[in-house]
1. Among the GluC sites (Glu not before Pro) within segment 1-91, which fall in a DSSP loop and have no more than 16 other Cβ atoms within 10 Å of their own Cβ?
2. Would you mind telling me the antiparallel percentage of the DSSP bridges in segment 67-220, rounded to 5?
3. Cross-link partners among lysines for Lys137, C-alpha distance below 23 Å, same-chain residues fewer than 8 apart left out?
4. Please give me, ordered by residue number, the trypsin sites (Lys or Arg not before Pro) of segment 54-103 that lie in loop per DSSP and have at most 11 other Cβ atoms within 10 Å.
5. In Å³ and rounded to a whole number, note down the convex hull volume per residue for the Cα atoms of segment 268-319.
6. Could you work out Rg/(2.2 N^0.38 Å) for segment 171-323, with Rg from alpha carbons only?
7. Rounded if a/c is under 1.5, else prolate if a/b is larger than b/c, else oblate: which is segment 20-143, with a ≥ b ≥ c the root eigenvalues of its Cα gyration tensor?
8. At 20 °C and 1.002 mPa s, grab the translational diffusion coefficient of segment 1-60 from Stokes-Einstein with a Kirkwood Rh over Cα pairs, rounded to a whole number in µm² per second.
Amino acid sequence: MPHAIRIHEHGSAEKLKWEEVQVGDPGPGQVRVRNTAIGLNFIDTYQRSGLYPMQLPFTCGSEGAGVVEAVGPRVREFKAGDRVAYAGPLGAYAQVLLRPADRLVKIPAGVDDKVAAAMMLKGMTTQYLIRSIFRVKKGDTILMHAAAGGVGLILCQWAKKLGATVIGTVGSDDKMDAAKKAGCKHVIVTSRERFFDRVKEITKGKGVPVVYDGVGKDTFMDSLDCLSPRGLMVSFGNASGAVPPFNPAILAGKGSLFLTRPTLATYTASRADLVKSAQELFSVVKSGAVKIRINQTYPLREAAQAHADLESRKTTGSTVLIP
């Protein structure tokens, strides 16, 4: 019988339990997938801890790659043996699972399963951040927090390819090199530098038109001060905790700023948007312009250790769980 990581109560990483699960035949519109690789993301820790409360019990994990074992009625696009990848719905921390066919995409030749699993959520997040929310173009100067993280390394490479100047922040000196190699022209170490001052210095007081902030509480307010008038604050994560409530009038006082709190689910809600996003991502990866750095792998049964290392900022780049 296949196994999965199950969560019966919210809390620390030790709440992740390796258990046997039953996986039936796929129903209408479903596909049964045997995972070959599973991506680890910060949102997994939010769901496990209860920051994002989930209905218990559940299997966490939003992205993975594998091979189709069987297809249910009314599934025409896939067949047994197809290599597929996905970014949602929940349930990825499993050896075998059922997936809605309309949430799967085929992995093109030349893209490894581990690479596909590591990049679906982070890569398609990057796609909507720099191609939909704010269309980064040549000549733009942008600020990316956590530039050595999973989304950061992808976004910095992609933005550089588009001709942008990337200012990246990292938490420690040992992450500077990774951010520079990913395309950051300027790297700010937040443990010893105030990023607001450095951004103003780099931009000669103008600020940047967009800030991409997946850190949350620790960076939010200073990030607003990095924006030029009518700039866009993109708050897409809470690695340091949720952003506290604030008076929207602050946005007016700091230059008629815009704020968005987007999700990948919204930007890939339709089948057409999902396929377009995935295809654009696969294209830049296959071209070599964006390299997916898988710097850590763990057996799926050791997901608790993977969560603990991620939360303590011991990881860089992408992490993959192997069933």
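Any read-out appearing in this document is the output of simple, stated calculations on the displayed coordinates, not a laboratory observation. Since the model is a prediction, treat every value here as computed from it, not as a measurement. Please note: Cβ atoms are built from the backbone with ideal geometry, for glycine as well, and neighbour counts cover all protein chains shown.
1. Passing sites in segment 1-91 are Glu9, Glu77.
2. 25 percent
3. Within reach: Lys122, Lys160, Lys161, Lys180, Lys181, Lys185, Lys200, Lys204, Lys206, Lys276, Lys286, Lys291.
4. In loop regions of segment 54-103 (DSSP not H, G, I, E or B), the sparsely surrounded trypsin sites (Lys or Arg not before Pro) are Arg74, Arg76, Lys79.
5. So the per-residue hull volume is 117 Å³.
6. Normalised by 2.2 N^0.38 Å, the Cα Rg of segment 171-323 equals 1.20.
7. It is oblate, given that a/c is not under 1.5 and a/b is not larger than b/c.
8. Using the Kirkwood radius from Cα pairs, D works out to 166 µm²/s.
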